[in-house]
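The values are calculated or read from the model by the stated rules, or taken from the named source; none is laboratory data. Only a predicted model underlies this, so the values are computations on that prediction, with no experimental measurement involved. Note: ideal-geometry Cβ built from the backbone for every residue, glycine included; neighbour counts use all protein chains shown.
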Amino acid sequence: MSDPRILVLGSVNVDLVVQGENLPALGETVIGGDFFQAAGGKGANQAVAAARLTGNPVVFIAAVGDDAFGSQVLQGFRSENMMTDYIRVISRMPTGIALIMVNRAGENCISVASGANLCLSVDDVERVPEAVFSSAKVFLTNLESPPEVVARALARAKAHHLTTILNPAPASQRIFDSAILAHVDILTPNETEAHDLTGVNVGDAATAIRAAKILRQQGFPAVIVTLGAAGSVVVTEEAKRIDATVVRAIDTTAAGDAYNGALAAALSEELSLEDAAGWASRAAAISVTRSGAQPSLAFRSEMDSY
Ligand code: RIB
């Protein structure tokens, strides 16, 4: 196995999905949907997304339960281009579960029971040898794991001069704690998270750039706001708009994870931030044309034809 260039820390879930016509309103029952189960979790999705797009193995730091779901997802990771040595199996804990509803437009709502993900600890980060951090180029994480664990992993990654990406999903004001903020190079909120973090109603490139500039003023050096079908904006000293690839969306679950994993893969191959964002948009576009989180993630061989 060649040296890993990408490290991902994050959550592992099994997604239980009902795909139907409409999302139910509060208190409403909607019938007629189709059910399927898929591997998910923002951390796992991001790790798999990166692993499918790059030649070097992706190191994934995570926790699963000692149940049938945990065994299934571990087996899945072993068939990907991933190093699974730092995934801990937690006894007497259930693997994370996400209940997902998807409507005809591919929009979703998600409720997560984190289970074993909440047992991921600072010790799990400390167990990863120095050599693994020092061989890597990019570290990627999100906010489905305990914040002190996210903070420690970011700090270790930064101490080894990795490019660090924080996908602030689900949004939390904890990102402004110096233990996190000081170690993030690139922050990647979607429009909802950008709104939650800044108060700006993000709906287009102009408002996304406004929110990104606020986040930069708070101390994040680069901010990419993803806008779904409207593309994304990359804001450093300058602001660039990246168009999305136009596709017919079937299921947008994990589109953000596809984007972040691809961004990490592209940066690990030393693409510029703008080119990496373009590549990530393409990976996200492919993912929304297919159902499910990990089943929808793009392979390298597919990227050129988009
Ligand atoms: O980002 C999509 C993911 O969010 C799903 O796979 C679900 O598990 C939740 O973590």
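Structure above, values below:
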{"read-out": "One residue from Val247, Val288, Val233, Val200 being at negative phi and surrounded by 24 or more Cβ atoms within 10 Å (Cβ to Cβ)", "value": "Val233"}
{"read-out": "Residues of the range 291-306 satisfying the condition of being surrounded by fewer than 21 Cβ atoms within 10 Å (Cβ to Cβ) and out of contact with any strand residue (DSSP E or B) (no Cβ under 8 Å at 6 or more places or on another chain)", "value": "Phe299, Arg300, Ser301, Glu302, Met303, Asp304, Ser305, Tyr306"}
{"read-out": "Residue count, the range 165-179 (criterion: surrounded by fewer than 23 Cβ atoms within 10 Å (Cβ to Cβ) and either under 17 Å from the mean Cα position of the chain (by Cα) or modelled with pLDDT under 95 (or both))", "value": "4"}
{"read-out": "Conditions (1) within 16 Å of the ligand (Cβ to nearest atom); (2) surrounded by fewer than 19 Cβ atoms within 10 Å (Cβ to Cβ); number of the one not met by Asn260", "value": "(2)"}
{"read-out": "In the range 1-39, the residues that are buried (at least 22 other Cβ atoms within 10 Å of the Cβ) and among the β-branched types (Val, Ile, Thr)", "value": "Ile6, Val8, Val12, Val14, Val17"}
{"read-out": "Criterion (within 20 Å of Leu166 (Cα to Cα), modelled with pLDDT of 95 or more and either hydroxyl-bearing (Ser, Thr, Tyr) or touching a Pro at 6+ places or on another chain (Cβ under 6 Å) (or both)) met by exactly one of Thr289, Thr188, Thr207", "value": "Thr188"}
{"read-out": "Residue list for the range 203-228, filter: in a helix (DSSP H, G or I), surrounded by 16 or more Cβ atoms within 10 Å (Cβ to Cβ), among the small types (Gly, Ala, Ser) and out of contact with any Gly (no Cβ under 8 Å at 6 or more places or on another chain)", "value": "Ala208, Ala211, Ala212, Gly228"}
{"read-out": "Some residue of the range 145-164 being among the hydroxyl-bearing types (Ser, Thr, Tyr), in a strand (DSSP E or B) and under 28 Å from Arg88 (Cα atoms)", "value": "yes"}
{"read-out": "Members of the range 104-144 found to be polar (S, T, N, Q), away from the ligand (no atom under 11 Å from the Cβ) and crowded, with 19+ Cβ neighbours inside 10 Å, listed by number", "value": "Thr141"}
{"read-out": "Given (1) away from the ligand (no atom under 16 Å from the Cβ); (2) under 25 Å from Ala131 (Cβ atoms), number of the condition Glu80 does not satisfy", "value": "(1)"}
{"read-out": "Selection count where residues are within 15 Å of the ligand (Cβ to nearest atom), part of a strand (DSSP E or B) and either of a type in the set (Gly, Ala, Ser) or touching a residue at least 24 places away in the same chain (Cβ under 8 Å) (or both), scope the range 1-58", "value": "13"}
